[in-house]
Amino acid sequence: MKIAQIPPLYEAVPPRLYGGTERVVAQLCEALVDLGHDVTLFASADARTRATLVPVRDQAIRLDEAPLKSDLAAHMTMLAEVRERAGQFDLIHFHTDMLHFMMFEDMADRTITTTHGRLDLKDLPPVYRRWSKFPLVSISDSQRLALPFANWTATVYHGMRADAATWFSARPQGYLAFLGRMSPEKGPDKAIRIARRLGIPLKMAAKVDFADAPYFHSVVEPMLQDPLIEFVGEIGDAEKPAFLGGARALLFPVCWPEPFGLVMIEAMACGTPVVAFGAGAAPEVVDEGVTGFIVDDEDAAVAAVRALVRLDRREVRRRFDRRFSAMVMGRAYLDVYADRLAKATYAADVAEDFELDNASGALTSLAQIA
């Protein structure tokens, strides 16, 4: 197939540091290329990919030091470029929320849109009702709950390439890990309290967004004075195997409808089990008692960490390979693409037959009149 991949432009593909959607798109492109398909990636020029790259911006938006920039203008430029080249592809796979709906309404049947973010926002239902022709892919079943009426075609879990020789670690160093954003919904303060109660060191690798800075400075930063807690800042893919592989467990104390939680499968790739609060997709991603534990509160999280000795890190890695490898994700998307193209072809054939029948009927009527 000739497939176009359209990620957002906020991070490079893959991201240099923090970033989920663009990292998944990078993994998907590599898997589809490995599976023999012709993949074109529309992204910023700092992307690293074996797909054909169409650069639409000189660099990704977040780490661009330009003081004045417009993310909307950048995405409009990208979508216009995709529109001009649309005839080159069998299918266009969007990862840009609903931003493309108005520009591609007339070819919705040749698109797939993966929804990567939270969907329980007030203004979303009218959009997904208005542009209901766009086939949607969720990244977890729980993500659909906010928009049960939407045009869902499949759920495809995220996947990633993680060579076992590089990622897997059978002997952790003994600390707990937190990896993500320093934001209230990610629960870094909960992770610190859990580690304190256990008396186990906690290493925290996280970015601090501008919007989360007040929370970080008022709530989290004072807690970092505890010698058990080490804040290492924002890290990229190169540092993740050592950071996650050295951990006794990943703490994932989220308190929002997490659409997926990529860091959980990054930990599993290292053989590191996950102790997660049961919000959003966590119960779908974590195999209870095998790759980790789902808990309701901090008390249960403390008990879960104490129960980690029952888990086999090699089995954690085997479950990752079975459920969350890049190839598993790539093949799942190929099934979605094939189904979408079959339906589009059928619809086109029906429309052609209808037009031929109408033309034939018109000619018959003209002959009778004559």
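Observations, loosely collected:
- Taking all pairs of distinct alpha-carbon atoms in the chain, Kirkwood radius in angstrom: 22.2 Å
- Cut-off 18 Å, label 7 Å out along Cα→Cβ of L121, residues of region 36-63 by amide N: 61-62
- Across q = 0.20, 0.28 Å⁻¹, region 75-125 modelled as identical point scatterers on its alpha-carbon atoms has Debye log10 I(q)/I(0) values of -0.72, -1.22, in the order of the q list.
- Residues of region 200-237 with amide N under 14 Å of the 7 Å Cα→Cβ point at W256: 207-216
- Its residue count N fixes a reference of 2.2 N^0.38 Å for region 1-62, and the Cα radius of gyration divided by that reference is 1.00.
- A Förster radius of 56 Å, combined with the Cβ-Cβ distance separating S70 from V290, puts the computed FRET efficiency at roughly 0.75.
- Considering all different alpha carbon pairs of region 32-103, the Kirkwood hydrodynamic radius works out to 13.5 Å.
- Computed 3J(HN,Hα) for region 284-289, one whole-Hz value per residue from the Karplus formula 6.51 cos²θ - 1.76 cosθ + 1.60 where θ = phi - 60°, is 7, 7, 8, 7, 3, x, glycine and proline marked x.
- Cα gyration tensor, region 156-203 - rounded (a/c under 1.5), prolate or oblate: oblate
- Debye, to nearest 20: dipole size of the chain, +1 on Lys, Arg Cβ, -1 on Asp, Glu Cβ: 1120 debye
- For A45, residues with placed amide H under 5 Å, excluding near neighbours: V56, R57, D58, Q59
- Phi-based couplings in Hz for region 89-95 (Karplus 6.51, -1.76, 1.60; Gly and Pro marked x): 10, 6, 8, 10, 10, 9, 10
- The amide H of L53, built 1.01 Å from its N in the peptide plane, has L41 as neighbours under 5 Å, considering only residues 5 or more places off or on other chains.
- Estimated purely from DSSP H runs of n ≥ 4, each contributing -39500 (n - 2.57), the mean residue ellipticity at 222 nm for the chain is -11000 deg cm²/dmol once divided by its residues.
- Most to least packed among 109-120, 71-82 [average Cβ atoms within 10 Å]: 109-120, 71-82
- Estimated D of region 97-141 in µm² per second, where Rh is the Kirkwood radius over Cα pairs and Stokes-Einstein applies at 10 °C, 1.306 mPa s: 143 µm²/s
- Comparing region 219-283 with the 2.2 N^0.38 Å rule of thumb, its C-alpha radius of gyration ratio is 1.20 (two decimals).
- For region 171-298, Kirkwood radius (reciprocal of mean inverse C-alpha pair distance, Å): 14.4 Å
- Cα Rg, Dmax (largest Cα-Cα span) when computed across region 230-346, Å: 16.4, 58
- In a fully extended conformation the segment linking R323 and K343 would gain 4.5 nm over its present Cα-Cα distance, using 0.36 nm per residue.
- Close amide H pairs (under 5 Å, H built 1.01 Å from N) link L176 with L202, K203, R248, residues at least 5 positions away or on another chain.
- For region 151-194 and region 212-237, distance of Cα centres in Å: 17 Å
- Computed Rg/Rh of region 92-202, alpha carbon atoms with Kirkwood Rh: 1.13
- Largest mean-square fluctuation among S169, S138, S218, in a Gaussian network model of the chain whose springs join Cα atoms under 10 Å apart, belongs to S218.
- Using the Cβ of S142 as centre and a radius below 12 Å, the other residues enclosed give a net charge of -2, where K and R count +1 and D and E count -1.
- The packing ranking, built from the mean of other Cβ atoms within 10 Å per residue, places the peptides 48-60, 177-189 in the order 177-189, 48-60, highest first.
- Region 43-69 and region 316-333 have Cα centres lying 28 Å from one another.
- Hz values of 3J(HN,Hα) by residue in region 58-66 - Karplus curve (6.51, -1.76, 1.60), Gly and Pro given as x: 5, 7, 5, 6, 4, 8, 6, 7, 4
- Along each principal axis, taking the top coordinate minus the bottom one, the Cα set of region 1-148 gives 39, 37, 29 Å in descending order.
- Shape call, region 145-244: gyration tensor on alpha carbons, a/c limit 1.5: oblate
No lab work stands behind these numbers, since they all come straight from the coordinates. What you see is a predicted model; the values in this text were computed from it and never measured. For neighbour counting, all protein chains shown are included, and Cβ atoms are generated from backbone atoms with ideal geometry for every residue, glycine included.
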